[in-house]
Amino acid sequence: MNVKQKILIADDSGINRALLMEILGDGYEYLEAENGVRAVELLREHTDIALVLLDIMMPQMDGFDVLKVMRCYSWLDEIPVIMISSEDTVDAVRRAFDLGASDYISRPFDAKVVYQRIINTIQLYAKQRRLSAMAADLAFEKERASRMMIGILSQVVEKRNGESR
């Protein structure tokens, strides 16, 4: 059974959330947050979120504040964030990237471009996670082989010392 990846869409506009879900289709499980506080709650509850689509201008807690919380808890190491906002000033884009956003898409946008950028980001992070797991496995195997070699060499030294007495 193929489990659908979860995408968190944090935007105060229900229409914008629905539009993004329509663009991405039925291949994902969607979590919706109407403000930054709810987005952080969902991030705490769901540790398997594949991507966050984050608006900047939201009530209670804006997108920049959500990025700060995500950086504080090191969630940005595992979960990519794409900012989707009508705020397209250079300062806003720079600030989003400085706080750890993976990409920035300005509204209005082209649905095909948004779809492809989201898919590319999800795939890139999935490959990064697989490579990290492979590197950890290799390091474990190397450590195990080193311990085994030390054990063999210890036995050889013990035998030699036993014969030389």
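The values are calculated or read from the model by the stated rules, or taken from the named source; none is laboratory data. All values derive from a computational prediction rather than experimental measurement. FYI the Cβ positions are ideal-geometry reconstructions off the backbone, even for glycines, and counts take in every protein chain you see. The protein model used for the area step is the full one, side chains on, heavy atoms only, and it has no ligands, DNA or RNA in it. Shrake-Rupley method; radii C 1.70, N 1.55, O 1.52, S 1.80 Å.
A few notes on this one:
- Listed conditions (1) over 22 Å from Leu19 (Cα atoms); (2) out of contact with any helix residue (DSSP H, G or I) (no Cβ under 7 Å at 6 or more places or on another chain); (3) buried (at least 17 other Cβ atoms within 10 Å of the Cβ) are all met by Arg38, apart from (1).
- All positions within the range 99-131 that are open to solvent by 70 Å² or more (accessible area, probe 1.4 Å) and either of a type in the set (Ser, Thr, Tyr) or in contact with a Phe, Trp or Tyr (Cβ under 6 Å, 6 or more places away or on another chain) (or both): Tyr115
- Restricting the range 50-75 to residues that are closer than 16 Å to Lys6 by Cα and open to solvent by less than 10 Å² (accessible area, probe 1.4 Å) leaves a set whose member that is farthest from the chain's Cα centre (by Cα) is Leu54.
- So Glu143, is it open to solvent by less than 100 Å² (accessible area, probe 1.4 Å) and not hydroxyl-bearing (Ser, Thr, Tyr): yes
- Taking the criterion of being hydrophobic (A, V, I, L, M, F, W, C) and not in a helix (DSSP H, G or I), the only residue of the range 106-137 that qualifies is Phe109.
- Those residues of the range 76-88 which are in contact (Cβ under 8 Å) with a residue 24 or more places away in the chain, within 11 Å of the chain's Cα centre (by Cα) and open to solvent by 50 Å² or more (accessible area, probe 1.4 Å), in sequence order: Glu78
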